[in-house]
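Here's the structure we're looking at; comments come further down.
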Amino acid sequence: MKIHESAENYLETILILEKRIGMVRSIDIATELDYTKPSVSVAMKHLRTDGYIEVDKGGYITLLDKGRQIAEKMYERHTLITNWLKAIGVSDGVAAEDACKIEHVISEESFEAIKRVISSDN
């Protein structure tokens, strides 16, 4: 099943917030992405229904295995592409913004090739 780019962004944001603050709630996601709380609540409902996340009685969100796999994949792509763009002279903000776009459309084959080239340069 193909997951939408917006769902990938939400999952990645949950992972990033989890790393930064530990326990994540919808309000944290809304604040991080500058989205409305109702928009985030609808997205969390879909992610929960599709088996990507779990939400406990306190409203805390946990990535389930398949959600975590997608989040980590997006985070790896974002981080690697951002750092690579910065290394070739792109400004921090533009590198992060462009990486966010690229990470969703690049094929697995192309990403792995870029990763090999970057790794061999180090």
### Message
Any residue that is surrounded by 11 or more Cβ atoms within 10 Å (Cβ to Cβ), free of Cβ contacts under 8 Å to residues at least 24 places away in the same chain and among the hydrophobic types (A, V, I, L, M, F, W, C) - is there at least one of those in segment 56-69?
### Response
yes
### Message
Anything in segment 3-44 that is among the polar types (S, T, N, Q) and free of Cβ contacts under 8 Å to residues at least 12 places away in the same chain? List them, or say none.
### Response
T31, T36, S39
### Task
Return yes or no: is Y35 closer than 19 Å to E108 by Cα, of a type in the set (S, T, Y) and modelled with pLDDT of 95 or more?
no
### Query
Do you know which residues across segment 76-91 are hydroxyl-bearing (S, T, Y) and crowded, with 19+ Cβ neighbours inside 10 Å?
T82
### Task
Determine, yes or no, whether G51 is in a loop (DSSP other than H, G, I, E, B) and under 30 Å from E112 (Cα atoms).
yes
### Task
Can you tell me which residue among A71, A95 is touching a Lys or Arg at 6+ places or on another chain (Cβ under 7 Å), at pLDDT 95 or above and closer than 27 Å to D121 by Cα?
A95
### Task
Within segment 10-25, count every residue that is assigned to a helix (DSSP H, G or I), under 15 Å from the mean Cα position of the chain (by Cα) and more than 17 Å from Q69 (Cα to Cα).
1
### Residue list for segment 56-103, restricted to those being within 19 Å of I3 (Cβ to Cβ), assigned by TED's automatic domain parsing to the domain that holds S26 and either touching a Ser or Thr at 6+ places or on another chain (Cβ under 7 Å) or not in a helix (DSSP H, G or I) (or both)
I61, T62, L63, L64
### Query
Here are K86, K101: which of them is at pLDDT below 95 and of a type in the set (K, R)?
K101
### Task
Report, by residue number, each residue of segment 35-69 that is hydrophobic (A, V, I, L, M, F, W, C) and in contact with a strand residue (DSSP E or B) (Cβ under 8 Å, 6 or more places away or on another chain).
M44, L47, I53, V55, I61, L63, L64
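Just for segment 26-41: of the residues that are part of a helix (DSSP H, G or I) and acidic (D, E), which one is nearest to M74 (Cα to Cα)?
E32
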### Task
Could you figure out which of (1) modelled with pLDDT under 95; (2) out of contact with any Asp or Glu (no Cβ under 9 Å at 6 or more places or on another chain) isn't true of S26?
(1)
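The values are calculated or read from the model by the stated rules, or taken from the named source; none is laboratory data. Because the structure is a prediction, the values reported are computed rather than measured. FYI the Cβ positions are ideal-geometry reconstructions off the backbone, even for glycines, and counts take in every protein chain you see.
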